[in-house]
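Here the structure is laid out as structure tokens; the discussion comes afterwards.
The values are calculated or read from the model by the stated rules, or taken from the named source; none is laboratory data. Keep in mind that what you see is a predicted model, and the values were worked out from it rather than measured. In this analysis, Cβ positions are derived from the backbone assuming ideal geometry, glycine residues included, and neighbour counts consider all displayed protein chains. Accessible surface areas use protein heavy atoms only, side chains included; no ligands, DNA or RNA. Shrake-Rupley method; radii C 1.70, N 1.55, O 1.52, S 1.80 Å.
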Amino acid sequence: GFREELRRMIFHSNNLAATTAAHRTGLPRIASWLWDTGLYDPALGGGVWLGRGFFHDPVWRPEPMRNLAHAASARSLVTFYTLLGQDRLVDAASSAEMRVLMEPSAFHNRIRRAVLERWPDAHVYRKTGTWHQYRHDSALVERPGARYAVAALCGTWRCEQEVLAFGREADGCAGAVR
């Protein structure tokens, strides 16, 4: 069912499952929600955009500002995780379900790896993406002394090392200022 598609989409980063889930939900409905929540806002430089599925899918509607099929900004990703942490990503029950789906992973993305090196019992609700040399890692991190949202977008061939180093730095700063 739908929950299994979401699990495969998140846990395995399965593009076919992501495409199926997007079409079952409806790309126009997703776009409307992105605008309504401010996850996509042209006044703030855009944000998260889903203009097509991920598996050999034609473009439904390109991202309005840059004409891309998919888009994200660090601001919009951190906003997503902030809403998730505040139980306001749709509603409290949906936020709790998303956290259940987002914590386990078939992959140790770079931010997750950086946090778990120092805090093996931390909760890292994360998603990662890869396209050619581009990488994005984003997460809601809950660990002793800190709870924070973090996102990194990288477009170089050194993304693996750069985002891992960024994750370590970000976690080192988290909880340091009260």
Note down the Stokes-Einstein diffusion coefficient of region 124-178 in µm²/s, whole number, using a Kirkwood radius over alpha carbon pairs, 20 °C, and 1.002 mPa s.
182 µm²/s
Please list, in order along region 45-60, the HN-Hα scalar couplings obtained from phi with the Karplus expression 6.51 cos²θ - 1.76 cosθ + 1.60 (θ = phi - 60°), rounded to whole Hz, x for Gly and Pro.
x, x, x, 6, 9, 10, x, 6, x, 10, 10, 6, 10, x, 6, 7
Based on the alpha carbon coordinates of region 53-98, what radius of gyration and maximum Cα-Cα distance (Dmax) apply, in Å?
13.8, 35
Before I look further, what does region 1-110 give for accessible area per residue, probe 1.4 Å, in whole square angstrom?
52 Å²
Which angle between 0 and 90 degrees, to the nearest 10, do you get for helix 2-11 versus the longest principal axis of the chain when only C-alpha atoms count?
50 degrees
Assuming R0 = 22 Å, can you tell me the calculated FRET efficiency for the pair ASN67 and ARG113, based on Cβ-Cβ distance, to the nearest 0.05?
0.05
What does the charge count near GLU4 come to, summing +1 for each Lys or Arg and -1 for each Asp or Glu among other residues with Cβ under 15 Å from its Cβ?
+2
Taking Cα atoms, how many degrees apart are the long axis of helix 15-25 and the longest axis of the chain, rounded to 10 and kept between 0 and 90?
60 degrees
Heavy-atom accessible surface of region 1-142: percent carbon and sulfur, 1.4 Å
58 percent
Pseudo-spin-label distance CYS173 to PHE11, built 7 Å along Cα→Cβ, given in nm, is 3.4 nm
Region 33-107 and region 121-178: distance between their alpha carbon centers, rounded to Å
17 Å
The helix 159-173 Cα axis meets the longest alpha-carbon principal axis of the chain at an angle in degrees, between 0 and 90 and rounded to 10, of 50 degrees
Run the quick spin-label model on ARG24 and PHE55: label points 7 Å from Cα toward the beta carbon, then report their separation in nm to one decimal.
1.2 nm
With the dipole of region 1-49 worked out from charges on the C-beta (+1 for Lys and Arg, -1 for Asp and Glu) around the Cα centre, which of GLY1, ILE30, TRP49 lies farthest toward the positive end?
GLY1
Quick one: if you stick a label point 7 Å off each Cα along the C-beta vector at ALA93 and THR156, how many nm between them?
4.7 nm
Under unit Cβ charges (Lys, Arg +1; Asp, Glu -1), what dipole magnitude, rounded to 20 debye, does region 111-169 have relative to its Cα centre?
80 debye
Taking a temperature of 37 °C and a viscosity of 0.692 mPa s, what whole-number D in µm²/s does Stokes-Einstein yield for the chain with Rh from Kirkwood over alpha carbon pairs?
196 µm²/s
